[in-house]
1. Suppose we keep only residues that are among the aliphatic types (A, V, I, L, M) and part of a loop (DSSP other than H, G, I, E, B) within the range 420-479. Which one would you say is most open to solvent (accessible area, probe 1.4 Å)?
2. Being part of a helix (DSSP H, G or I), within 12 Å of ligand 2 (Cβ to nearest atom) and closer than 23 Å to Ser85 by Cα, is that true of even one residue in the range 260-279?
3. Give, as residue ranges, the strands (runs of 3 or more DSSP E) completely inside the range 25-138 that count at least 1 residues that are open to solvent by 10 Å² or more (accessible area, probe 1.4 Å).
4. For the range 153-241, list the helices (runs of 4 or more DSSP H) that sit wholly inside it and hold at least 1 residues that are within 11 Å of ligand 1 (Cβ to nearest atom), within 16 Å of Ser79 (Cα to Cα) and open to solvent by less than 10 Å² (accessible area, probe 1.4 Å); which are they?
5. Kindly indicate whether any position in the range 519-526 is at pLDDT below 95 and assigned to a loop (DSSP other than H, G, I, E, B).
6. Testing Gly187 on (1) under 24 Å from Glu113 (Cβ atoms); (2) touching a strand residue (DSSP E or B) at 6+ places or on another chain (Cβ under 7 Å), one condition comes back false. Which one is that?
7. Within the range 295-318, how many residues are in contact (Cβ under 8 Å) with a residue 40 or more places away in the chain and either among the aliphatic types (A, V, I, L, M) or in contact with a strand residue (DSSP E or B) (Cβ under 6 Å, 6 or more places away or on another chain) (or both)?
8. Test Ser306 against the criterion of being more than 12 Å from ligand 2 (Cβ to nearest atom), at negative phi and in contact with a Cys (Cβ under 9 Å, 6 or more places away or on another chain), and give yes or no.
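The values are calculated or read from the model by the stated rules, or taken from the named source; none is laboratory data. Because the structure is predicted, anything quoted here is derived from the model rather than measured. For neighbour counting, all protein chains shown are included, and Cβ atoms are generated from backbone atoms with ideal geometry for every residue, glycine included. Side chains are part of the model used for accessible areas, which takes the heavy atoms of the whole protein and leaves out ligands, DNA and RNA. Shrake-Rupley method; radii C 1.70, N 1.55, O 1.52, S 1.80 Å.
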Amino acid sequence: MNMANNDELKIILENQIEKLLSSNNKEEKSINEESLKSVMKHLGLSNDLIPLAKKVFELAPKTKVLWLHLCECTGCSESLLRSASPSFDELIFDFISLDYHETLMAANGSKAEELLENLLEEEFILAVEGAVAAIDTFFLTIGAHAESGYEILEKVARKANAIFAIGTCSSFGGIQAAYPNPSKTCGISEVLTQKVVNIPGCPPSDINIVANLIFFSLFKILPELDSQNRPLWAYGKCLHDLCERKAKFESGEFAEHFDDEAAKNGACLFKVGCKGPYTYNNCPKVKFNAKTSWPVASGHGCIACSEKDFWDDFGFLEKPMANAFAYAKFSQKNENKILKNYNLTYEDLKNTIKEDEIVLSLKENSEILYKDEKQNICNFLNFEFESNLKIVLNNISKNKLGAKLVENYSKQFPSQYNFIQENFNEESMPSKDIWKFFELNFILAKGKFLEDKKEFIDYALNYHFKHPSPYDFKLSINEMEAKLDVSKSLRMPLIYLCGGLDFEGIAFSCLKAFGKSIIKINENFKDKRLALNINEELNSAFLQELLIHS
Ligand code: FSX
Ligand code: SF4
Ligand code: F3S
């Protein structure tokens with residue numbers, strides 16, 4: 001069971017207290033309320049649970065934690081040792097019982113092996129630090145009997161009440177799984193059949209480790225998880241959105257070097273490689289070393305250390321994800337076209353559309369057409385934006401950050417800026433055509449009109465990375481329509497251009513953002529298949545893939 005709400009959590013605690021009060025198996029101790037409060041706050045739990053949680057910890061036998069070391073650097077244990085609230089000693093005396101931890105416990109050799117065997121007969125939770133070599137298992141053998149890390153993991157996992165992958169190595173493979181991964185190492189969830197909670201980070205913060213262990217010790221259920229099995233309270237938000245330098249990002253003020261004046265004055269570190277926009281973690285909030293600092297505050301960008309395959313997929317640590325800074329080319333190519341394509345005029349399409357279809361029409365206007373019960377053809381996509389770039393830039397300039405952004409853009413890209421001033425008049429040009437939106441991105445980067453739509457797709461196809469840069473399209477869906485609002489997102493190409501991203505990255509990101517919106521809309525039509533209406537030369541497997549799997 002997971003995803004319990006506050007009332008359900010309250011009932012769990014009340015039941016536990018009732019049981020504990022009538023039990024002979026109590027372990028009475030006093031708990032530091034401040035430490036408990038701090039953990040509960042991070043977990044996003046309501047204050048009325050605090051007295052109950054305190055009572056449970058004061059009475060309950062501590063949950064035993066068995067911590068395994070597989071392929072890693074012990075940085076996760078270093079992070080655990082720096083736990084501040086509760087302190088590490090408080091943690092192991094009052095909250096959990098760290099019964100087995102090879103680098104911290106006194107037992108070693110055969111005594112350690114004995115201890116492990118004995119623990120398997122008891123109730124415990126398993127914390128695993130490090131990746132697992134599950135194919136060529138000899139890459140990690142432990143102890144006098146030369147048991148492989150994989151064998152030990154498998155044996156212990158079978159008996160555990162819950163399993164936590166501590167760190168990026170254990171969650172996703174980490175450094176030893178980086179290309180070419182000679183040891184064929186992987187994250188533990190890839191080889192275990194049991195559910196694994198991933199707590200990535202290289203290392204994760206002490207808070208993300210400790211609070212999750214405490215949550216399970218207290219409620220005996222897992223916290224709410226995302227699609228990668230990461231606790232939502234810790235990994236649910238994009239790190240960049242929590243960053244103290246975000247206003248500088250929005251105004252296009254980037255450090256060019258780690259030691260320049262801009263960096264010292266809090267400029268955004270995107271241009272010197274910060275991967276914050278691609279990373280889901282709470283570092284700006286919980287920080288490290290008793291909340292002293294975190295990477296971006298210390299002056300180095302985030303390297304996406306908690307993301308899957310971060311060593312391989314995010315390019316150089318100190319460069320933005322522009323093609324010039326890619327050391328490996330990720331192939332955006334896909335061989336299979338899956339979606340049916342019509343390539344018809346609106347009138348012909350209206351007569352052809354099937355009842356079990358929704359058709360994304362990318363001709364003059366971008367529409368999502370379907371037949372309702374009365375056989376009427378309806379458009380589900382409500383989409384319109386201002387396409388006069390001069391007006392767009394004026395609109396962006398209306399707030400302080402936007403004005404600074406346009407100023408920075410005009411200084412860094414004077415010929416593109418002048419092209420816009422010369423080629424657009426003062427008249428509003430509302431458009432319903434997503435290609436127009438793509439073209440505006442092209443003009444901002446290249447300072448000329450887009451002659452051929454295919455050229456835009458080719459730029460995206462040639463992007464060397466697999467992670468798009470966020471475009472904050474706003475999508476709201478109700479029964480009648482899906483409203484896609486891209487009007488605020490035209491500041492993104494200005495930001496990315498000033499931040500050193502190339503047009504390949506921009507084209508890929510716009511297409512991905514559009515694809516993501518279409519996928520969400522498509523999910524709404526469970527009983528209908530998606531089809532396309534697009535000129536044949538634009539109908540590529542790559543484009544189709546974006547509309548199905550963004
Ligand atoms: Fe090291 Fe942990 Fe990185 Fe890995 O942290 S800090 S290599 S995530 O497993 O010890
Ligand atoms: Fe902060 Fe990095 Fe985002 Fe800039 S790019 S705002 S430094 S997280
Ligand atoms: Fe890692 Fe980035 Fe946080 S590098 S520690 S996820 S700021």
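1. Initially, the range 420-479 is screened for residues among the aliphatic types (A, V, I, L, M), giving 420, 429, 434, 440, 443-445, 450, 457, 460-461, 475, 477.
If we keep only those that are part of a loop (DSSP other than H, G, I, E, B) as well, we get 429, 450.
Numbers: Met429: 68, Leu450: 26 Å².
Step by step, filter the range 420-479, then rank; the result is Met429.
2. Going through the range 260-279, the residues part of a helix (DSSP H, G or I) turn out to be 261-264, 270-272, 276-278.
After this cut, where a residue has to be within 12 Å of ligand 2 (Cβ to nearest atom) as well, the list is 262-263, 270-272, 276-278.
Right, trim to closer than 23 Å to Ser85 by Cα and you get none.
No - not one qualifying residue is present in the range 260-279.
3. Values: elements: 63-69, 96-101, 125-129.
Once the strands (runs of 3 or more DSSP E) in the range 25-138 are filtered for at least 1 residues that are open to solvent by 10 Å² or more (accessible area, probe 1.4 Å), what remains is 63-69, 96-101.
4. Numbers: elements: 167-172, 206-219, 232-235.
In the range 153-241, 167-172, 206-219 are the helices (runs of 4 or more DSSP H) which contain 1 or more residues that are within 11 Å of ligand 1 (Cβ to nearest atom), within 16 Å of Ser79 (Cα to Cα) and open to solvent by less than 10 Å² (accessible area, probe 1.4 Å).
5. Yes, because at least one residue in the range 519-526 is at pLDDT below 95 and assigned to a loop (DSSP other than H, G, I, E, B).
6. That leaves (1) as the condition not met.
7. Step one: filter the range 295-318 for residues in contact (Cβ under 8 Å) with a residue 40 or more places away in the chain, giving 296-297, 299-300, 302, 305-318.
In the following step, the residues that additionally are either among the aliphatic types (A, V, I, L, M) or in contact with a strand residue (DSSP E or B) (Cβ under 6 Å, 6 or more places away or on another chain) (or both) were identified as 296-297, 317.
Number of matching residues: 3.
8. On the way: more than 12 Å from ligand 2 (Cβ to nearest atom): yes; at negative phi: yes; in contact with a Cys (Cβ under 9 Å, 6 or more places away or on another chain): yes.
Here the answer is yes, as Ser306 does meet what is asked.
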